[in-house]
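K.L.:
First, the structure itself, so that you have it in front of you.
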Amino acid sequence: MGPHVRSVPRPSGECADRTLVPVQELHDAPLAPLTTFRLGGPASRLLTATTDAEVIEAVREADGSGTPLLVIGGGSNLVIGDKGFDGTALRIATKGFALNGTTLELAAGEIWTDAVARTVEAGLAGIECLAGIPGSAGATPIQNVGAYGQEVSSTVTEVVAYDRHTEETVTIPNADCAFSYRHSRFKAEPDRFVVLRVRFELEDAGGLSAPLRYAETARTMGVEQGERVPAAAARETVLALRAGKGMVLDPEDHDSWSAGSFFTNPILEDAEYEAFLARAKDRLGPGTTPPAFPADGGRVKTSAAWLIDKAGFTKGYGTGPARISTKHTLALTNRGEATTEDLLALAREVVAGVREAFGVTLVNEPVTVGVSL
Ligand SMILES: Cc1cc2nc3c(=O)[nH]c(=O)nc-3n(C[C@H](O)[C@H](O)[C@H](O)COP(=O)(O)OP(=O)(O)OC[C@H]3O[C@@H](n4cnc5c(N)ncnc54)[C@H](O)[C@@H]3O)c2cc1C
């Protein structure tokens, strides 16, 4: 049976002309098409909100009736179980791009990569290396999105959110967002904040990028790490590098039917790192030097892609409908006919293989709904 469509009235206080576009409500609505994996069963109810007032109203209504709530932006970091979601799924489709000098405010539903393009066109620096990351602006603070040497935590000044605990709209300054590597207060308290708007402070460097922090970008552009280049060129270079790794959405390319990196890079305590190093040398030879980068608290960050590859899960690994991307070891992908269970079976196989080979336990980056690894 197809989804049942019904319109619900807009919250009071909306302009009269907006009432012509009612909040869309669907029942037994497939969620797979709303995710980049194209996986997951239906939601008992799916609302699409196009204004902050609608978002708040929908959240209040779900919370007031004790109905589970799933907030969906671009669905590019979601693994939804085959049974779907028994509750209200709320798709955030708000619009708003306001650039005032170097201050940017984005509505949660803005498409992130388009917003990046517009700031670069305006000659500003700070988020140009985050081009090509799929999904919505409102989701960027959730896991502190990052790539190619930039993270949103460096440019976000404030996050405006609806706080489901206090039932108020709050403005949370950067210092209270608890940003860290692929993490934040919003991810730590998943049932509390619904992001409405994100504010950024960008830099006017006369059309130049922020200093390039990432070795591969600098090398590709023929400059030293730490140098600036035209921001538009930095953005284009990042997009080209990402496309070569299947990290730009392309409906024709099954390597991008993914959530990007499926695992975060493990951050190890000193003793854990020493044990891992010993195991790596034992397994791969005494000359082995696994990637190691300094992380917060004197810890060491190593590379999940390296671990997966060296444990024997190379690009294209798998024979079923869920396989490792042919372009990037870190991306698990749906080759077209997969179910969420197929994907999870592959993820579990990789986790077990890496643990057995190196004693390191990988943690999934995407948010799981109704399932776990
Ligand atoms: C090909 C590909 C490449 C990727 N590359 C990168 C990368 O380089 N770096 C990186 O960091 N990530 C990357 N990702 C992951 C993903 O794009 C980001 O995490 C993105 O920010 C998710 O946005 P979304 O709107 O799709 O969120 P969704 O997948 O819709 O949701 C993700 C989580 O955020 C919550 N959420 C979404 N919107 C809101 C809101 N307004 N308020 C509260 N909670 C909300 C959801 O409930 C869910 O828990 C990649 C994904 C793909 C498919």
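The values are calculated or read from the model by the stated rules, or taken from the named source; none is laboratory data. Because the structure is a prediction, the values reported are computed rather than measured. Glycine also receives a Cβ, built like all others from the backbone with ideal geometry; neighbour counts cover every protein chain displayed.
K.L.:
Within the set of pairs 6+ apart or on separate chains, which have a first residue in segment 106-126 that is farther than 18 Å from ALA147 by Cβ and assigned by TED's automatic domain parsing to the domain that holds LEU239, a second that is assigned to a helix (DSSP H, G or I) and of a type outside the set (Gly, Ala, Ser), and C-beta atoms under 8 Å apart?
P.N.:
ALA107/ASP52; ALA108/VAL55
K.L.:
Hey, SER153 hits all of (1) of a type in the set (S, T, N, Q); (2) at negative phi; (3) in a loop (DSSP other than H, G, I, E, B) but one; which does it fall short on?
P.N.:
In the conditions (1) of a type in the set (S, T, N, Q); (2) at negative phi; (3) in a loop (DSSP other than H, G, I, E, B), SER153 misses (3) alone.
K.L.:
Kindly indicate which of VAL360, VAL350 is under 25 Å from ILE80 (Cα atoms) and modelled with pLDDT of 95 or more.
P.N.:
Of VAL360, VAL350, the one residue that is under 25 Å from ILE80 (Cα atoms) and modelled with pLDDT of 95 or more is VAL350.
K.L.:
Tell me the residue from ILE56, ILE72 that is β-branched (Val, Ile, Thr), at pLDDT 95 or above, surrounded by fewer than 21 Cβ atoms within 10 Å (Cβ to Cβ) and within 15 Å of the ligand (Cβ to nearest atom), please.
P.N.:
Working: ILE72 fails: surrounded by fewer than 21 Cβ atoms within 10 Å (Cβ to Cβ).
When all the criteria are applied, what remains is ILE56.
K.L.:
From the list LEU249, LEU212, pick out the single residue that is closer than 30 Å to ILE308 by Cβ, touching a helix residue (DSSP H, G or I) at 6+ places or on another chain (Cβ under 7 Å), not assigned by TED's automatic domain parsing to the domain that holds GLU105 and not aromatic (Phe, Trp, Tyr).
P.N.:
That would be LEU249, the only listed residue that is closer than 30 Å to ILE308 by Cβ, touching a helix residue (DSSP H, G or I) at 6+ places or on another chain (Cβ under 7 Å), not assigned by TED's automatic domain parsing to the domain that holds GLU105 and not aromatic (Phe, Trp, Tyr).
K.L.:
What's the total number of residues in segment 12-50 that are within 30 Å of the chain's Cα centre (by Cα) and either part of a loop (DSSP other than H, G, I, E, B) or modelled with pLDDT of 95 or more (or both)?
P.N.:
Total satisfying the criteria: 24.
K.L.:
Residue pairs, Cβ under 7 Å, 6 or more apart or interchain, first in segment 68-86 and not assigned by TED's automatic domain parsing to the domain that holds ARG192 and part of a loop (DSSP other than H, G, I, E, B), second away from the ligand (no atom under 12 Å from the Cβ) and β-branched (Val, Ile, Thr). List them.
P.N.:
Qualifying pairs under 7 Å: GLY81/THR340; GLY81/VAL371; ASP82/THR339; ASP82/THR340.
K.L.:
Considering only segment 278-356, give the strands (runs of 3 or more DSSP E) lying wholly within it that have at least 2 residues that are farther than 16 Å from ALA259 by Cα. Talk me through it step by step, then tell me what you get.
P.N.:
On the way: elements: 293-295, 299-301, 322-324, 332-334.
By residue number, 293-295, 299-301.
K.L.:
Looking only at segment 315-348, how many residues end up being free of Cβ contacts under 8 Å to residues at least 12 places away in the same chain and of a type outside the set (Ser, Thr, Tyr)?
P.N.:
Residues in segment 315-348 being free of Cβ contacts under 8 Å to residues at least 12 places away in the same chain and of a type outside the set (Ser, Thr, Tyr): 1 in total.
K.L.:
Next question, about the same structure. Could you tell me whether SER65 is surrounded by 23 or more Cβ atoms within 10 Å (Cβ to Cβ) and not hydrophobic (A, V, I, L, M, F, W, C)?
P.N.:
no
K.L.:
If a residue must be in contact with a helix residue (DSSP H, G or I) (Cβ under 7 Å, 6 or more places away or on another chain), free of Cβ contacts under 8 Å to residues at least 40 places away in the same chain and within 13 Å of the ligand (Cβ to nearest atom), how many such residues does segment 154-180 contain?
P.N.:
Summing the residues that are in contact with a helix residue (DSSP H, G or I) (Cβ under 7 Å, 6 or more places away or on another chain), free of Cβ contacts under 8 Å to residues at least 40 places away in the same chain and within 13 Å of the ligand (Cβ to nearest atom) in segment 154-180 gives 2.
K.L.:
Further question: Out of THR166, THR171, report the one residue that is in contact with a strand residue (DSSP E or B) (Cβ under 9 Å, 6 or more places away or on another chain), exposed (fewer than 15 other Cβ atoms within 10 Å of the Cβ), modelled with pLDDT of 95 or more and not in a helix (DSSP H, G or I).
P.N.:
After applying the criteria, what remains is THR171.
K.L.:
Residue by residue through segment 229-272, note down the ones that are more than 10 Å from the ligand (Cβ to nearest atom), among the aliphatic types (A, V, I, L, M) and not in a helix (DSSP H, G or I).
P.N.:
Scanning segment 229-272 gives VAL229, ILE267, LEU268.
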